[in-house]
């Protein structure tokens with residue numbers, strides 16, 4: 001009788017697994033950002049340079065440009081809403097599997113101001129395990145769900161049910177779209193044998209956005225309105241752990257604030273200098289080079305509104321121009337030149353953009 005009791009329990013478990021697989025098939029997007037990033041990453045050989053960070057990284061760094069101009073083998077490991085712990089995980093994986101010499105941590109001040117988004121973390125970790133596949137994928141799953149920071153939290157269970165966190169919506173039309181796209185991919189694999197899942201995704205870079213900032217609402221939609229003034233203590237601790245990890249492994253880590261339009265810097269004038277000082281002090285403590293490309297002088301790179309989709313994301317043309325200029329910047333850095341001379345202080349920047357500052361102050365006091 002005890003055997004039949006176990007068979008009954010097993011039957012329920014099999015039904016649960018089958019339902020979970022069906023819902024995941026219908027609800028999970030066929031081409032999620034994290035899945036595409038990890039899929040492309042595991043296709044790469046002999047990487048020596050990576051970019052990590054959230055959407056400003058994914059949309060701002062074109063590895064092919066760095067490969068051509070710096071003679072490196074680069075990959076963009078940025079994903080939307082990638083928090084510092086996921087950037088750390090990406091670096092860990094890359095160092096374990098490649099001879100990585102340079103890591104660019106691409107960020108904005110906002111990267112250290114918001115709480116990690118559980119859905120983004122789970123999607124990132126789940127995609128990594130699945131793209132790894134086989135025994136190694138299973139081990140990656142176990143290492144995550146039983147890690148000290150996760151094992152006692154909801155994420156340790158939710159991880160096993162991807163349709164709960166990796167979805168666009170629960171509409172029937174979306175489910176039909178997801179299922180159709182997945183079936184088409186399977187058909188192409190069977191028909192062609194070697195199906196390139198990274199089509200349209202250039203070594204982790206993904207940005208087809210040609211829009212330009214809508215200047216009608218810059219004072220309503222900016223970093224001031226979106227984020228807290230000061231850094232989150234937990235995120236700062238994670239950030240320092242990332243810096244210490246790279247220092248221990250003798251990795252050339254570059255912390256880089258991606259460019260923002262001038263109006264966005266101006267909107268945060270009350271606490272921008274404090275943010276800058278705090279980040280500079282932390283990076284100096286670990287011997288890490290930190291550059292704020294919102295404050296770059298035009299002789300190196302001219303920050304222009306036409307290059308942005310919004311207050312923090314570059315459009316496709318903007319990303320191309322930025323990467324080309326950044327390569328020139330990194331060549332100067334490699335030659336031993338003091339790169340601090342190419343940046344304005346916050347005070348100098350605000351003086352140059354005094355008209356914008358006055359316009360913002362009038363809006364604030366309206």
Quiz prompt | Relative exposure of 327, 283, judged by other C-beta atoms within 10 Å (fewest first) | solution = 327, 283
Quiz item: So how do 347, 125, 359 line up by other beta-carbon neighbours within 10 Å, fewest first?
Solution: 347, 359, 125
Self-check item: Ascending count of other beta-carbon atoms within 10 Å, so fewest first, for 62, 213
Solution: 213, 62
Quiz item: Hey, any idea what Rg/Rh is for the chain, computing Rh the Kirkwood way over Cα pairs?
Solution: 1.01
Quiz item: Based on DSSP H runs of at least 4 residues, each adding -39500 (n - 2.57), what is the mean residue ellipticity at 222 nm of the chain after dividing by all its residues, to the nearest 500 deg cm²/dmol?
Solution: -16000 deg cm²/dmol
Quiz item: Where a ≥ b ≥ c are the square roots of the eigenvalues of the C-alpha gyration tensor, would you call the range 292-361 rounded, which needs a/c under 1.5, or, failing that, prolate if a/b is larger than b/c, or oblate?
Solution: oblate
Quiz item: When the chain is fully extended, how far beyond the present Cα-Cα distance does residue 171 get from residue 228, taking 0.36 nm per residue of separation?
Solution: 17.2 nm
Quiz item: Out of the DSSP beta bridges found with both residues in the range 2-364, what percent are antiparallel (nearest 5)?
Solution: 15 percent
Exercise. Could you calculate the FRET efficiency of residue 157 with residue 358 from 1/(1 + (r/R0)^6), where r is the beta carbon distance between them and R0 is 51 Å, rounded to 0.05?
Key: 0.45
Quiz prompt | Cα coordinate range in the range 220-322, projected on the principal axes (Å, largest first) | solution = 40, 29, 21
Quiz item: Say R0 is 35 Å: what FRET efficiency, to the nearest 0.05, do residue 280 and residue 212 get from their beta-carbon distance?
Solution: 0.65
Quiz item: For the range 38-161, what class follows from the C-alpha gyration tensor (a ≥ b ≥ c being the square roots of its eigenvalues): rounded when a/c is under 1.5, otherwise prolate if a/b is larger than b/c, else oblate?
Solution: oblate
Quiz item: Could you give the distance between the Cα centres of the range 132-180 and the range 342-362, to the whole Å?
Solution: 45 Å
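Throughout, read-outs are computed from the coordinates displayed, never taken from laboratory work. Keep in mind the model is a prediction, meaning the values are calculated, not measured. Methodologically, a virtual Cβ is constructed for each residue, glycine included, from the backbone with ideal geometry; neighbour enumeration extends over all protein chains shown.
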